[in-house]
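Asks: To start, I am sharing the structure in question, which I have written as structure tokens.
The values are calculated or read from the model by the stated rules, or taken from the named source; none is laboratory data. Please read all numbers here as calculations on a predicted model, not as lab measurements. Cβ atoms come from the backbone with ideal geometry, glycine included; neighbour counts cover every protein chain shown. For the accessible areas, the whole protein counts, side chains as well, though only heavy atoms, and no ligand, DNA or RNA atoms are used. Shrake-Rupley method; radii C 1.70, N 1.55, O 1.52, S 1.80 Å.
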Amino acid sequence: IAIVPEIDVPGHCYAAIRSLPELLANSVRHSKDGPVSVQGFRSNTLNPSDQGTYAFLEAVLTEVLELFPAPLGVHIGMDEIPRGAWSRDPTEEENLKTRLATWLRDFLAHRGKTLLGWQEVFEGHGLGHTSGAPAVAMAWKEDEKFAVRAAHAGVDVVLCPAHFLYLDLVQTLSFEERGLYWAAPALPIERVYAYEPFDRLQRLGLKAEAEPRIRGVQANLWTETVDSPERAEEMLFPRLLAVSELAWSQRESRLWTDFQWR
């Protein structure tokens, strides 16, 4: 088992901004009327145009690489950046995001590590395969065509579509069921087990020569609605067993009735 840490930047940084002001200096734009993140925070985004951001990231990532020496690298997030966090000009914002992603990729590559990031890192003017530095895209959104486009462009992809593999989603339609339902009305174990990644991607146009770019799958459990270890286990199991089987077994050897019995 290799632990791959996620240090999610430049968004989702409210805790870091509040707890490490001496490292961040002026690299956060505080605004009472600025954009709000999906969690309802203002000023939770690091500023790619300020040198303090890079000093902060170098200090944090240097320590993280010492703690987690896994060869695969570090997940740098880059999802759910509030629009307008840096500029009202979408092109300028896209360029700033690419500047930050490029710095992170090069920082990790120089140390022999791979950058992993949510698919937003690779969208628009984001990272591609042309740099020669390693990078892996995590495809999580409903539009599964992203994985096809990325693989055809030479980018390695890990599949984690929310509507099949986000285990924070409710398992049934029961009124008393705890969990989220933003990506699907419910995510029962039958739906997880029935997920056939290559079948779906091939129907979307994935070519055989690009299939090796699909590195695997990942199931996610976000914990906004998880308040105890027992609750986490309830959300994970038995759905995680279904994820394991679809990830590590051949399709022809999988049978739903047999899985139910086991």
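Asks: For region 236-262, what are the residues that are under 26 Å from Pro5 (Cβ atoms) and among the charged types (D, E, K, R)?
Replies: Arg239, the sole residue that qualifies.
Asks: Within region 110-132, take every residue that is more than 19 Å from the chain's Cα centre (by Cα) and either among the hydroxyl-bearing types (Ser, Thr, Tyr) or crowded, with 17+ Cβ neighbours inside 10 Å (or both) and give me the one that is modelled with the highest pLDDT.
Replies: My answer is Ser131.
Asks: Filter region 231-248 down to residues that are among the aromatic types (Phe, Trp, Tyr) and either assigned to a loop (DSSP other than H, G, I, E, B) or within 20 Å of the chain's Cα centre (by Cα) (or both), then give me how many there are.
Replies: Of the residues in region 231-248, 1 are among the aromatic types (Phe, Trp, Tyr) and either assigned to a loop (DSSP other than H, G, I, E, B) or within 20 Å of the chain's Cα centre (by Cα) (or both).
Asks: Here is a follow-up. Identify, from the list Arg178, Arg191, the residue that is assigned to a loop (DSSP other than H, G, I, E, B), charged (D, E, K, R) and open to solvent by 40 Å² or more (accessible area, probe 1.4 Å).
Replies: Matching residue, one of Arg178, Arg191: Arg178.
Asks: So, of the residues in region 194-207 that are open to solvent by less than 40 Å² (accessible area, probe 1.4 Å) and not in a loop (DSSP other than H, G, I, E, B), which turns out to be nearest to Ser174 (Cα to Cα)?
Replies: Per the criteria, the residue is Pro197.
Asks: Determine which single condition Glu66 fails, assuming it passes every other condition in (1) open to solvent by 80 Å² or more (accessible area, probe 1.4 Å); (2) acidic (Asp, Glu); (3) closer than 19 Å to Gln51 by Cβ.
Replies: (3)
Asks: Filter region 249-262 for residues that are within 13 Å of Tyr195 (Cα to Cα) and assigned to a helix (DSSP H, G or I); which is least open to solvent (accessible area, probe 1.4 Å)?
Replies: The residue in question is Trp256.
Asks: Do we have Tyr166 as of a type in the set (Ser, Thr, Tyr), within 24 Å of Glu6 (Cβ to Cβ) and open to solvent by 100 Å² or more (accessible area, probe 1.4 Å) here?
Replies: no
Asks: Further question on the same structure: Taking Glu233 as meeting all but one of (1) over 24 Å from Val4 (Cβ atoms); (2) open to solvent by 90 Å² or more (accessible area, probe 1.4 Å); (3) at pLDDT 95 or above, write down the number of the exception.
Replies: (1)
Asks: Of all residues in region 208-230 being part of a helix (DSSP H, G or I) and of a type in the set (A, V, I, L, M), which is least open to solvent (accessible area, probe 1.4 Å)?
Replies: Ala210
Asks: Right, here's the next one. Give me the residue from region 30-63 that is open to solvent by 50 Å² or more (accessible area, probe 1.4 Å), over 21 Å from the mean Cα position of the chain (by Cα) and at pLDDT below 70 and, out of that set, nearest to His12 (Cα to Cα).
Replies: If we take residues in region 30-63 being open to solvent by 50 Å² or more (accessible area, probe 1.4 Å), over 21 Å from the mean Cα position of the chain (by Cα) and at pLDDT below 70, then Arg42 is nearest to His12 (Cα to Cα).
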